[in-house]
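The values are calculated or read from the model by the stated rules, or taken from the named source; none is laboratory data. Because the structure is predicted, anything quoted here is derived from the model rather than measured. When we count neighbours, we look across all protein chains shown, and the Cβ atoms used for this are built from the backbone with ideal geometry, even at glycine. Just the protein is used for accessible areas: all its heavy atoms, side chains included, with ligands, DNA and RNA removed. Shrake-Rupley method; radii C 1.70, N 1.55, O 1.52, S 1.80 Å.
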Amino acid sequence: MTVIDAGYGNNTPFLKQLESRNLTYVAAIAKNRQVTAQTSGDESARKQGLEAIAQTLAVEQFTPVQLNLEQPRTVWVALLPVHVPKLEGTRWLAIQLNASSFEQATEVDYFLTNASDNQVSAAWVAQTYSARNWVEVFYREAKGWLGLSEYQVRDALSMKRHWVLVFIAYTFILWHQLTGGFRRRWATKPLQTFAEALEAFRTAVEFRLVRWLNEHVDVFASHRAKFGYIWA
């Protein structure tokens, strides 16, 4: 499953590439995106913007969905099949509101998915896309704590190596945070955040470094002597 923000969701060639690889996606799309749909009151399908479609939907067409986030919230979702220019066949359009009607809503989101008819539901689309928040959490923590964007290399291969190392480090720290590995050995308090788990890991490295230095002072002193310094 691929979850995409509007920056990519509005890129039809990108969606076609996903579909050519048989990948299922839920993509956010802009309200001015033009699709062909048959809405209530229309005798035939016609091309129109998403916001115009949302305004024509009746309250009964929206289904309440509970999102189990850090702060649980309820959204209202309507589904209808649409044709997107330059994409063959139909896709499912989901219109998500933070209120029970378009007139009362202060937040309106539009999602497009190529999932099969037997998989798509209001709850499935809303809950699937809500998981995308964890992608943002990853980038925030990887950039803030692991230097994801602080590389000083220029060629593509070196960049990929840097990213792979950061991804491995992030997975390692997060795995220990979730399984309690650092908590059992290196902390006396719950490690509830990535930053706290990372600090516990640094404590473990610091302890091992200091212990090694105490046991191998002569090795380290010899190392510094090679550079013309006295470590004593």
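Can you confirm whether His223 is surrounded by 13 or more Cβ atoms within 10 Å (Cβ to Cβ) and assigned to a helix (DSSP H, G or I)? Please lay out each step first, then the result.
Values: surrounded by 13 or more Cβ atoms within 10 Å (Cβ to Cβ): no; assigned to a helix (DSSP H, G or I): yes.
Judged against the criteria, His223 is not a match.
What residue, of Trp124, Trp92, is of a type outside the set (D, E, K, R), without any contact (Cβ under 8 Å) to a residue 24 or more places away in the chain and under 17 Å from Tyr25 (Cβ atoms)? Every option except Trp124 fails the conditions.
Of the residues making up the range 157-186, those that are surrounded by fewer than 16 Cβ atoms within 10 Å (Cβ to Cβ) and among the small types (Gly, Ala, Ser) are Ser158, Gly180. Scanning the range 93-117 for residues that are farther than 16 Å from Leu23 by Cα and exposed (fewer than 12 other Cβ atoms within 10 Å of the Cβ) yields Glu103, Gln104, Thr106, Glu107.
Please go through the range 1-23 and pick out each residue that is open to solvent by less than 60 Å² (accessible area, probe 1.4 Å) and farther than 17 Å from Pro85 by Cα.
Kept after step one, since they are open to solvent by less than 60 Å² (accessible area, probe 1.4 Å), are these residues of the range 1-23: 2-6, 9, 12, 15, 18-19.
Thr2, Val3, Ile4, Asp5 - these are the residues of the range 1-23 that are open to solvent by less than 60 Å² (accessible area, probe 1.4 Å) and farther than 17 Å from Pro85 by Cα.
Answer yes or no: is there a residue in the range 144-153 that is free of Cβ contacts under 8 Å to residues at least 60 places away in the same chain, farther than 19 Å from Val65 by Cα and polar (S, T, N, Q). Yes, the range 144-153 contains at least one residue that is free of Cβ contacts under 8 Å to residues at least 60 places away in the same chain, farther than 19 Å from Val65 by Cα and polar (S, T, N, Q). With respect to the stated conditions, Lys189 is assigned to a loop (DSSP other than H, G, I, E, B), within 30 Å of Gln71 (Cβ to Cβ), of a type in the set (Lys, Arg) and open to solvent by 60 Å² or more (accessible area, probe 1.4 Å). Restricted to the range 165-189, and to residues there that are more than 12 Å from Leu146 (Cα to Cα) and among the β-branched types (Val, Ile, Thr), the residue that is nearest to the chain's Cα centre (by Cα) is Thr179.
How many residues, within the range 19-36, are touching a Ser or Thr at 6+ places or on another chain (Cβ under 6 Å) and touching a residue at least 40 places away in the same chain (Cβ under 8 Å)?
Selection size over the range 19-36: 2.
For the subset of the range 116-157 comprising residues that are among the charged types (D, E, K, R) and part of a helix (DSSP H, G or I), which member is farthest from the chain's Cα centre (by Cα)?
Lys143
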